[in-house]
Amino acid sequence: MHKYVHLLVLLLLTVSASAQTDNWFTVRHSWDCNGKNYSIELEISEELYDYYQNEREHLAYHYKIEDAETPVNFYSFILSDYDRPFIRELADRFSERAFTDFDKVNLAMTIVQSFPYAYDNDSKGEEEYVRYPIETLVDGSGDCEDKVALLAAILHEMDIDFILLSLPEHLALAVHCDGVKAERYIQFRNRKYYYIETTMEGWQIGQVPPDYAFTEVEVYPCEATPTLLIKEMQFESEATPVYEKADCTFRVELHNLGPGRATGLQLHIWIYEGTLNNARVITEELFDLDDLPEGIRRTETLPFRSFIKENAKLYIELTGDDIETQHFELSLNYSKVKAY
């Protein structure tokens, strides 16, 4: 039993519903898979649900990077740290009732398909709102993005290989597993992936809706890493003659957009003269930073000593275990430098 969820899988017919009790949502849902009826009863923490409802600034930015709603940044919804224990337990319960990967996919696919389709404008009053898996389960409905996020999260915890498929005004996924008899598939990295339609019941693994049968599709593998955003940088120096070292402070505000914890963070700072191709380094400093959890914004204050010269520049490199290395070249902002 973990903090956020208690899960029972019951082989009895229930009505799909979500009711709120003291600090918990009780979710009951029933669906059919291959002629058998399955039901779940879940207790989901109100605290966890509220987090995904309200702490969405990094999520909205993450999903709309470059004004493009693409699955490249969609993994923040699929692989969030905070709902991992719940999704993992849900996937384990499905796995206990299925002997093959094909059966596991079918069980997960059919429960997702059984949730009613809901347009964001109607259900959330917003033009675009992506639900986390927890939200979809509590709300009991979702659109194609919401359903894909829920199914992909479950498949990931079951170690089922999948890819996201971006189609015109639609999102789907495809799985790689044995036992699929469909003739049509997507060849990607020497593997066959079979289309899954999540929007409504009745679609089988590998069955492509006619509207998308001959449509170009963009493929995105599940290779998500945390995106670390530098929100603000500031450099200051104490008053001192130019031929003496000054106490300096470099402040940087970091925001981990997710998914997952950013680990092994290091910030490398150079103060130099000239150009990068022909630089004379005045000072070089390397700072080890604490891990930054998903969704957290933190300001780092980094003190060091350096000579400060009029034409000096800053070069900053941010690295980590699982993040893309970022580089910044800045002229010293003398409005923020007290003396040099």
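Among the residues making up the stretch 114-133, those that are outside any loop (DSSP other than H, G, I, E, B) and either polar (S, T, N, Q) or farther than 19 Å from residue 84 by Cα (or both) are 114, 117, 120, 121, 122, 123. When you look at residue 171, is it surrounded by 15 or more Cβ atoms within 10 Å (Cβ to Cβ) and touching a Ser or Thr at 6+ places or on another chain (Cβ under 6 Å), yes or no? Spelling it out, it is not the case that residue 171 is surrounded by 15 or more Cβ atoms within 10 Å (Cβ to Cβ) and touching a Ser or Thr at 6+ places or on another chain (Cβ under 6 Å). Scanning the stretch 195-211 for residues being at pLDDT below 95 and not in a loop (DSSP other than H, G, I, E, B) gives a total of 2.
Only one of the numbered conditions (1) of a type in the set (A, V, I, L, M, F, W, C); (2) within 20 Å of the chain's Cα centre (by Cα); (3) surrounded by fewer than 23 Cβ atoms within 10 Å (Cβ to Cβ) is not met by residue 102, and that is (2). Of all residues in the stretch 166-194, count the ones that are in contact (Cβ under 8 Å) with a residue 60 or more places away in the chain and either over 25 Å from the mean Cα position of the chain (by Cα) or closer than 15 Å to residue 211 by Cβ (or both). Going through the stretch 166-194 one residue at a time, the tally reaches 5. Strands (runs of 3 or more DSSP E) fully within the stretch 212-309 that include at least 1 residues being touching a residue at least 60 places away in the same chain (Cβ under 8 Å) and among the hydroxyl-bearing types (Ser, Thr, Tyr): 218-221, 227-237, 297-306.
For the stretch 277-288, name all the residues that are among the aliphatic types (A, V, I, L, M), under 18 Å from residue 331 (Cα atoms) and at pLDDT 90 or above. Selection gives 281, 282.
Take the conditions (1) farther than 27 Å from residue 320 by Cα; (2) polar (S, T, N, Q); (3) in contact with a strand residue (DSSP E or B) (Cβ under 6 Å, 6 or more places away or on another chain); (4) crowded, with 19+ Cβ neighbours inside 10 Å; residue 215 misses just one of them, which is (4). Filtering 136, 110 for residues that are outside any loop (DSSP other than H, G, I, E, B) and under 21 Å from residue 258 (Cα atoms) leaves a single hit, 136. Per the listing 150, 155, the residue uniquely in contact with a Gly (Cβ under 8 Å, 6 or more places away or on another chain) and assigned to a helix (DSSP H, G or I) is 150.
Exactly one residue out of 106, 121 is within 30 Å of residue 229 (Cβ to Cβ), in the same structural domain as residue 201 (by TED's automatic domain parsing) and of a type in the set (S, T, N, Q), and it is 121. Scanning the stretch 237-276 for residues that are at pLDDT 85 or above and either buried (at least 17 other Cβ atoms within 10 Å of the Cβ) or at negative phi (or both) yields a total of 26.
The values are calculated or read from the model by the stated rules, or taken from the named source; none is laboratory data. Keep in mind the model is a prediction, meaning the values are calculated, not measured. Note that we place each Cβ from the backbone using ideal geometry, even for glycine, and neighbour counts take in every protein chain shown.
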